[in-house]
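*Asks:* Here it is, the structure, as structure tokens.
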Amino acid sequence: MDWPAAALPSYLALGPTPAGPSFSMTRRPIVIDSVKAGSNDRDAGLTLDDNEYTKWHSSGDQEDGWITYKFDKPRIVNQVCLKLDRWRNTSYPVKVMVDDEMVLSGPTPCTLGYVTLTFEPKRGRELTISLGGATTVDDAFGQIVEVTGIIDQAHASKSSRLSIAEAEVYGPLNESK
């Protein structure tokens with residue numbers, strides 16, 4: 001097998017990799033103990049499977065457009081990172097609650113992948129993401145066409161549906177914050 005880069009010269013003038021870590025932690029991942037959803041509960045765990053091609057979605061009724069992530073013990077939470085369905089052209093009006101206190105409310109931005117929602121640190125046992133209204137579909141990137149091989153037009157007309165492919169919950173590095 002021929003590798004295209006096989007004939008490229010190596011550049012070693014910079015020397016060896018410096019000792020020590022090559023990164024610094026800026027946040028602490030929070031382990032999710034269990035997940036429950038207002039609808040399609042059997043698929044709620046797909047938001048934690050590290051597979052961007054699987055997803056959970058609500059039924060389309062705003063009342064059941066929520067998903068709750070429970071932690072093993074009370075944790076301080078200040079971020080949730082989401083990969084949403086139709087992320088390039090759909091803005092979801094979400095409400096994020098830690099236990100029973102709302103920590104964030106507003107539309108998600110249209111992105112080219114993941115969106116990180118940051119809020120004031122709050123200690124709690126669970127984090128709930130719910131749909132706060134109808135989604136807004138608008139092309140934020142000038143009709144760029146993504147070639148993914150996956151076409152999901154079946155639910156494009158529903159406007160009160162929350163759909164999450166991946167979710168990660170984070171807290172500050174210092175648990176006492």
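*Asks:* Given a Förster radius of 41 Å and the C-beta distance between ASP72 and ALA7 as r, what FRET efficiency does 1/(1 + (r/R0)^6) yield to the nearest 0.05?
*Replies:* For R0 = 41 Å, the calculated efficiency reads 0.20.
*Asks:* Work out the FRET efficiency for ARG88 and ARG123 from their Cβ-Cβ distance, taking R0 = 35 Å, and round it to the nearest 0.05.
*Replies:* Calculated value: 0.50.
*Asks:* If DNA, RNA and ligands are ignored and the probe is 1.4 Å, what is the ranking of MET25, MET97, MET1 by accessible area, most exposed first?
*Replies:* So, going from the largest accessible area down, we get MET1, MET25, MET97.
*Asks:* Let me ask something else. Can you give me the orientation-averaged projected area of the convex hull built on the Cα atoms of the range 1-54, in nm²?
*Replies:* The directionally averaged projection comes out at 8.9 nm².
*Asks:* Additional query: Taking R0 as 35 Å, what's the FRET efficiency between LYS36 and LEU112 from their Cβ-Cβ distance, rounded to 0.05? Show your work: numbers first, answer last.
*Replies:* Details: r = 30 Å, r/R0 = 0.86.
Efficiency, from the Cβ-Cβ distance: 0.70.
*Asks:* Would you list, by chain and number, the aspartates and glutamates whose Cα falls below 13 Å from the Cα of LYS122, excluding same-chain residues fewer than 8 positions away?
*Replies:* Once the sequence-local aspartates and glutamates are set aside, what remains near LYS122 is ASP99, ASP100, GLU101, GLU175.
*Asks:* Related question: Can you give the local net charge around LEU131? Use residues other than it whose beta-carbon is closer than 10 angstrom to its beta-carbon, Lys and Arg +1, Asp and Glu -1.
*Replies:* Result for the local shell: -1.
*Asks:* Next question. Which percent of the accessible heavy-atom area of the range 36-99 goes to carbon and sulfur, probe 1.4 angstrom?
*Replies:* Values: 1160 of 2700 Å².
Percent of accessible area from carbon and sulfur atoms in the range 36-99: 43.
*Asks:* In whole Å, largest first, what are the principal axis extents of the Cα atoms in the chain?
*Replies:* 60, 45, 29
*Asks:* Go through SER34, SER24, SER91 and list them by solvent-accessible area, largest first, probe radius 1.4 Å. Please list the in-between numbers first.
*Replies:* Details: SER34 50, SER24 95, SER91 20 Å².
Per-residue accessible area, sorted high to low, gives SER24, SER34, SER91.
*Asks:* What whole-number value in Å² describes the accessible area per residue of the chain for a 1.4 Å probe? Please report the intermediate quantities before stating the final value.
*Replies:* Numbers: 10750 Å² over 177 residues.
Here the per-residue accessible area is 61 Å².
*Asks:* Let me know the charge dipole size of the chain about its Cα centre in debye, to the nearest 20, where only the beta-carbon of Lys, Arg (+1) and Asp, Glu (-1) is charged.
*Replies:* 460
The values are calculated or read from the model by the stated rules, or taken from the named source; none is laboratory data. Predicted, not measured: the structure shown is a model, and the values here were computed from it. When we count neighbours, we look across all protein chains shown, and the Cβ atoms used for this are built from the backbone with ideal geometry, even at glycine. Just so you know, the surface numbers come from the protein's heavy atoms only, side chains and all, with ligands and any DNA or RNA stripped out. Shrake-Rupley method; radii C 1.70, N 1.55, O 1.52, S 1.80 Å.
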